[in-house]
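The values are calculated or read from the model by the stated rules, or taken from the named source; none is laboratory data. Computed from a prediction, not measured in an experiment: that's the story for all the values here. Neighbour counts run over all protein chains shown; Cβ positions are idealised from the backbone, glycine included.
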Amino acid sequence: MTSTATSVAVTAETTLKADIDRLLSALESLKKGDQMVFTYVSGTGTTLAINGTEKLTIAGPAFGRYSHDKLRALAIDSFRSSGRLLA
């Protein structure tokens, strides 16, 4: 990743921190075997559903542009640090 790309990624994380915190808070109810689905709808935002039940929607396009891989990594890190993910 170039220094410009890295700078953009760091800026995105800082700008979206409140939204990321809301997302991580919604993930606290996840258990082993649960299914989580992110859906982006233009004009609405990004919705998180767990086991088919919508948990939250983060409005606007910025969060929707946030990398799927980055969201997945945040979720995994959150579970590892809480001891709920062993691998």
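So which pairs qualify, if the first residue must be in the range 53-67 and charged (D, E, K, R), the second must be surrounded by 12 or more Cβ atoms within 10 Å (Cβ to Cβ), the Cβ gap must be under 8 Å, and the two must be at least 6 apart or on different chains?
Pairs found: Glu54/Thr47; Glu54/Leu48; Lys55/Ala26; Lys55/Leu48; Lys55/Ala49; Arg65/Ala12.
Could you run through the range 18-61 and say how many residues are modelled with pLDDT under 85 and either of a type in the set (Lys, Arg) or not in a helix (DSSP H, G or I) (or both)?
Looking only at that region, the number is 4.
I need the full set of residues from the range 16-30 which are touching a residue at least 12 places away in the same chain (Cβ under 8 Å) and over 18 Å from Ala73 (Cβ atoms), in order please.
Scanning the range 16-30 gives a single hit, Ser29.
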